[in-house]
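Report on the structure given below.
The values are calculated or read from the model by the stated rules, or taken from the named source; none is laboratory data. Please read these numbers as outputs of a predicted model, since none were measured by experiment. Neighbour counts are summed over all protein chains in view; Cβ atoms, including those assigned to glycine, are modelled from backbone coordinates with ideal geometry. Quick note on the areas: whole protein, heavy atoms, side chains included, nothing else; ligands and nucleic acids left out. Shrake-Rupley method; radii C 1.70, N 1.55, O 1.52, S 1.80 Å.
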Number of protein chains: 2
Amino acid sequence: MSILFTNVTAVTMSPDQPVLSGVFVAVEGIKIASVGPEHPAGEFERVIDCTGKVMMPGLVNAHTHVPMALMRGYGGGCDLHTWLNDYIFPAEAKLDDRCVAAGAALGLAEMIASGTTCIADMYMNTGTIAKTVLEAGISANLACGAVYFGDPADFSPEKCGDCKNHVRLYEDWHNAGEGQLRVDASIHAEYTSCPPVWEWVAGFAREHGLRMHVHVSETASEHEKCLEKYGVTPAQILDRYGVWQNGGIAAHCVYLSGGDAELFAERGVTAVHNPVSNLKLMSGVAPLFFLRDCGMQTALGTDGVASNNSHDMFEEMKTAALVQNYSFGEDHGQLSAADILAMATVNGARALGRDTGVIAAGKIADMILLDFTAPNLFPCHDIMENLVYSANGSNVCMNMARGKIIYENGTFLTLDLEKIRAEVAGYALPRIFGGK
Amino acid sequence: MSILFTNVTAVTMSPDQPVLSGVFVAVEGIKIASVGPEHPAGEFERVIDCTGKVMMPGLVNAHTHVPMALMRGYGGGCDLHTWLNDYIFPAEAKLDDRCVAAGAALGLAEMIASGTTCIADMYMNTGTIAKTVLEAGISANLACGAVYFGDPADFSPEKCGDCKNHVRLYEDWHNAGEGQLRVDASIHAEYTSCPPVWEWVAGFAREHGLRMHVHVSETASEHEKCLEKYGVTPAQILDRYGVWQNGGIAAHCVYLSGGDAELFAERGVTAVHNPVSNLKLMSGVAPLFFLRDCGMQTALGTDGVASNNSHDMFEEMKTAALVQNYSFGEDHGQLSAADILAMATVNGARALGRDTGVIAAGKIADMILLDFTAPNLFPCHDIMENLVYSANGSNVCMNMARGKIIYENGTFLTLDLEKIRAEVAGYALPRIFGGK
């Protein structure tokens, strides 16, 4: 498929030309073929006039648990411990593949409608998520965060469910869809596993050249208990076992200390900030200025929708900007709208090891259009300010993932929303929540 | 006009029956005629099936400067002082009636599309705003916040522009549209005026039985400078001149101290919380739990869009909930979704002295419908959680203000958005910003 976008105003996220206007953007197959002021030669199967619209790279949601869309708002108002133990874990215990497929499709629909083209997801029944993502059309790094509560002395990879899940996920889905899917090695968190698991997962990552995806220092108590138990932080104890050798994602990073950020900077690990979830569960605010000053890359994620309760990355960007600048901006100067947009696009792409998140020739054609004639986006004194502080996901009028338009003017082109709703209401919710 | 809503699921904000489902809601003229499980007798000009939708009271934006929609995102990234002096004040100096009308219409369009049915606005050229609001169809308490930088000894109401504005606004517009408009007496703030002004405005309010609308203790420096200058807080110095005698709105209240909250509680003054603006300008977070414990009523506003940069009250609710619960929730227990919804509806109505904000027979028919089949609002484990944490303004599919449907499925029925955009782009922006 070849598509030509004309009269394009684009926030490119390319440092040399952050905003272009009146340009042509041509897409051939899954890549951007050209971006520039001249009408490119050749025939195009479709020409899209972008007058009144703004193009930007598709959003990268760098830490999600997409099937948790089924639990949107479930157990709201509880503290983290009660919420997990009394609501989320019992619900998750009832999940089967069919539930996970329905929940993943629902979460992906919400993400696609609000402009996301690429995610890093960590959950269970990951093979089912892989199939659903392939159909939906966006790119995903998938991870089945290893959990192990057994006696470390009894650990054996042959008997560990999540080790077997790693092998299966990698063999079945790594690089599926010509790279649309990738598999990340993954440990759920320091506090839900133990050294033999870390050693095995690190070895698996080394063997196959995989990046890593781990929850790190989300809460103060998690961070402090690790210090008590091992004498070092979660980042550092995992490093001893080689977990960070290929870089990857450290989700949350609210409570790094004692050289953690410098270590992550050296290892090429990105801190994925989840401000809404961290506020909702009263975990804290990750110190982005400090992480950045230590040389760390920072990206953005929604976390699972059960603790958010939305997949809207525009909302996540605004919350990140407001809370960070309020909490730390006086001492550091404000994070700019461009900084925040970078977190949600090009930095996220880098965290996932993907050549996207920028509107430039040769990049994967992941891009969205927003309707800037909407009353909440007009007038426009500064495009980036409007994107970060005024837009919401509903302003997205087109989502192109890997060169294919998958959503346009309210219509899903790869997913059947009515069918998804019927499956969630008719199968998943009764199974999990007993007839709700 | 008589309209019957059938198959209604309603968040009523009535404490005895907060959520109803399967009910009929009948509207006659500007009021709700009945709410209940029985089909009401009589003929209806229109019947609206609400299957898949949720009804709630229209949102009350209790502190706005609506024409500032023209300055959306203008001067973003500056501190308050630079932002006001280098960007906002010079722009405002160029406003004329025609600019204000265009900006007000634009801001109202954004508000209406995102579910607001009632506002408390403080701005200049207020007569022009009055005309625009009357056409748009929502209810408004309008105020022309008195500013006076002259020598207090020289003050005379005959020579004070904002005193004359008070008189004109009251005479021309108070109770216009059978109460659709009301006029509030108003002092911009303690630091932008002086005792003779406060005395005059308080007298004017007493004479005409008007409520008051004032910016109070928005920043620490404002609060502290007042303590230095007068030995008491802004709330208290204004009280000495009788400013709070009829209750009303104290916008912001980030830094109350020394009995301010108790004083406001006694005077029937509502604290209007503007969390997004307060974070964006790095002013602080109003301590809602503390205000509530002192007996104060709290409501919610967006403030002007130039420091937000959105009029979406759903976003404001979520930010309020997240930031309040994170900042103070551990010691006080969380504000519930119901508490937040009350701030944005019934509490706001009370702050404005209006009999709305509740879905119940006899109330003004200000109500909205949200599409709960949207992928971001499904599934629904708890309607109030979904409204506060998952919804955004774009989920609003109908806005009824004073018994009249003014917005439905993306179409404005009282405003011409294309004409408004043309007027903003063709007249207002060139006049204010010189050709932008």
* Structure fact -> Compactness summary of region B:21-154: radius of gyration and Dmax from Cα atoms, Å, are 20.3, 66
* To do: Could you rank B:MET282, B:MET1 by how accessible they are, 1.4 Å probe, largest area first?
  => B:MET1, B:MET282
* Could you work out the relative contact order of region A:22-159, using alpha carbon pairs under 8 angstrom and six or more residues apart, expressed as a whole percent? => 22
* To do: For each pair in B:LYS94/B:LYS164; A:LYS131/A:LYS164; B:LYS53/B:LYS419; A:LYS318/B:LYS419; A:LYS159/A:LYS225; B:LYS131/B:LYS164, compute the distance between the two Cα atoms and list the pairs where it is over 25 Å.
  => B:LYS53/B:LYS419; A:LYS318/B:LYS419; A:LYS159/A:LYS225
* Structure fact -> Taking Cα pairs closer than 8 Å and at least 6 residues apart, the relative contact order of chain B in percent is 22
* Peptide A:257-264 - average C-beta neighbours from other chains (10 Å radius) -> 0
* **Volume per residue that the Cα convex hull of the protein assembly as shown spans, once the total is divided by residue count, Å³** => 158
* Do any chymotrypsin sites (Phe, Trp or Tyr not before Pro) in region B:124-202 lie in a loop, going by DSSP, with at most 10 other beta-carbon atoms within 10 Å of their beta carbon, and if so which? -> B:PHE149
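I need the shape label for region A:126-249. Rule: rounded when a/c is under 1.5, else prolate if a/b > b/c, else oblate, with a, b, c from the alpha carbon gyration tensor.
Details: a/c = 2.09, a/b = 1.70, b/c = 1.23.
Prolate.
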* To do: Determine the calculated [θ] at 222 nm for the protein assembly as shown from helices alone, applying -39500 (n - 2.57) to every DSSP H run no shorter than 4 residues and normalising by the residue count; nearest 500 deg cm²/dmol.
  => -9500 deg cm²/dmol
* Asked: Seen from all sides and averaged, what is the projected area of the convex hull of the Cα atoms in region B:269-420, in nm²?
  -> 10.6
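What is the local net charge at A:PHE289, summed over the other residues whose Cβ is closer than 11 Å to its Cβ (Lys, Arg +1; Asp, Glu -1)?
Around A:PHE289, the charge tally is -3.
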* Structure fact -> Of A:ASP312, A:ASP96, A:ASP151, the most mobile residue in a GNM of chain A (C-alpha springs, cutoff 10 Å) is A:ASP151
* To do: Find how many whole Å separate the alpha carbon centroid of region B:299-351 from the alpha carbon centroid of region A:292-352.
  => 22
* Degrees separating the helix B:195-208 axis from the principal Cα axis of chain B, which is the longest one -> 40
* **For region A:192-209 versus region A:1-68, the gap between their alpha-carbon centres in whole angstrom** => 39
* Sorted from shortest, what are the nm distances separating the label point of B:ASP96 from equivalent points in the other copies, each placed 7 Å from Cα along Cα to C-beta? -> 7.2
* Asked: Can you work out ³J(HN,Hα) from phi for every residue in region A:304-319, in order, using Karplus 6.51 cos²θ - 1.76 cosθ + 1.60 and θ = phi - 60°, giving whole Hz and x for Gly and Pro?
  -> x, 6, 5, 10, 9, 10, 8, 9, 7, 6, 5, 4, 5, 5, 5, 4
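Which shape class applies to region A:119-166: rounded if a/c is under 1.5, otherwise prolate when a/b exceeds b/c and oblate if not, where a ≥ b ≥ c are the square roots of the Cα gyration tensor eigenvalues?
Cα axes put region A:119-166 in the prolate bin.
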* Distance (nanometres) between label positions extended 7 Å along Cα→Cβ at A:PHE89 and A:GLU135 -> 3.2
* To do: Point me to the residue of chain B whose C-beta lies closest to the B-onto-A rotation axis, rounding the distance to whole angstrom.
  => B:SER394, 2
* Asked: What list of ³J(HN,Hα) values in whole Hz, one per residue of region A:50-57 in order, does the Karplus curve 6.51 cos²θ - 1.76 cosθ + 1.60 (θ = phi - 60°) give from phi, with Gly and Pro shown as x?
  -> 9, 4, x, 10, 10, 9, 8, x
* FRET efficiency for B:GLU408 and B:GLU43, Cβ-Cβ distance as r, R0 = 25 Å, nearest 0.05? -> 0.70
* Taking amide hydrogens as modeled 1.01 Å from N in the peptide plane, which residues meet the under 5 Å criterion relative to A:VAL19, leaving out close sequence neighbours? -> A:THR12
* To do: For region B:358-436, calculate the relative contact order in percent as a whole number, restricting contacts to Cα pairs under 8 Å that are 6 or more residues apart.
  => 25
* **Exposure rank, largest accessible area first [B:VAL201, B:VAL19; 1.4 Å]** => B:VAL19, B:VAL201
* Structure fact -> Interchain or sequence-distant (5+) residues whose placed amide H lies within less than 5 Å of the amide H of A:ALA146 are A:SER186, A:ILE187, A:HIS188
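Need the full-extension length gain, B:MET1 to B:THR82, defined as separation in residues times 0.36 nm minus the C-alpha distance. One decimal, nm. Please list the in-between numbers first.
On the way: separation 81, 0.36 × 81 = 29.16 nm, distance 5.01 nm.
That pair, B:MET1 and B:THR82, stretches by 24.1 nm at full extension.
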* Asked: Rounded if a/c is under 1.5, else prolate if a/b is larger than b/c, else oblate: which is region A:9-87, with a ≥ b ≥ c the root eigenvalues of its Cα gyration tensor?
  -> prolate
* Asked: Between region A:364-436 and region A:85-149, what's the alpha-carbon centroid distance in Å?
  -> 17
* Top mean-square fluctuation among A:ASP416, A:ASP184, A:ASP366, Gaussian network model of chain A, C-alpha springs under 10 Å? -> A:ASP416
* Asked: Looking only at other chains, what is the average number of their beta-carbon atoms within 10 angstrom of each beta-carbon in B:274-283?
  -> 4
* List the extent of the Cα atoms of chain A along each of their three principal axes, largest first, rounded to whole Å. => 66, 52, 43
* Take every residue in peptide B:64-77, count the Cβ atoms of other chains within 10 Å of its Cβ, and give the average of those counts. => 5
* Name all residues of region A:87-103 having a backbone nitrogen under 12 Å from the label point set 7 Å from the Cα of A:ARG168 along its Cα→Cβ direction, giving them as ranges. => A:97
* Could you please report the charge total around A:HIS332, scoring K, R as +1 and D, E as -1 over all other residues with beta-carbon less than 10 angstrom from its beta-carbon? => -2
* Measuring label to label, 7 Å along Cα→Cβ, what does A:HIS81 give against each other copy in nm, shortest first? -> 4.6
* **Inter-copy spacing of A:GLU171 label points, which lie 7 Å from Cα along Cα→Cβ, given in nm from shortest upward** => 8.9
* Structure fact -> Taking placed amide H atoms and a strict 5 Å upper bound, the residues 5 or more places from B:THR302 or on another chain that come that close are B:ALA62, B:HIS63
* How high is the FRET efficiency from B:GLU262 to A:ALA153, r the C-beta distance, R0 41 Å, rounded to 0.05? -> 0.10
* Structure fact -> Calc'd 3J(HN,Hα), region B:224-236, phi into Karplus 6.51 cos²θ - 1.76 cosθ + 1.60 (θ = phi - 60°), Hz, glycine/Pro = x, comes to 6, 5, 5, 4, 5, 6, 10, x, 9, 6, x, 4, 7
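Quick check: net charge around B:THR51, other residues with Cβ under 15 Å of its Cβ, Lys/Arg +1 and Asp/Glu -1? Mind showing how you got there, number by number?
Values: positive: A:ARG421, B:LYS53; negative: A:GLU418, B:ASP49, B:ASP371.
Summing Lys and Arg as +1 and Asp and Glu as -1 gives -1.
Can you tell me the FRET efficiency between A:GLU418 and A:VAL19 if r is taken as the Cβ-Cβ distance and R0 is 30 Å, rounded to the nearest 0.05?
Numbers: r = 38 Å, r/R0 = 1.28.
Step by step, r from the Cβ atoms, then E = 0.20.
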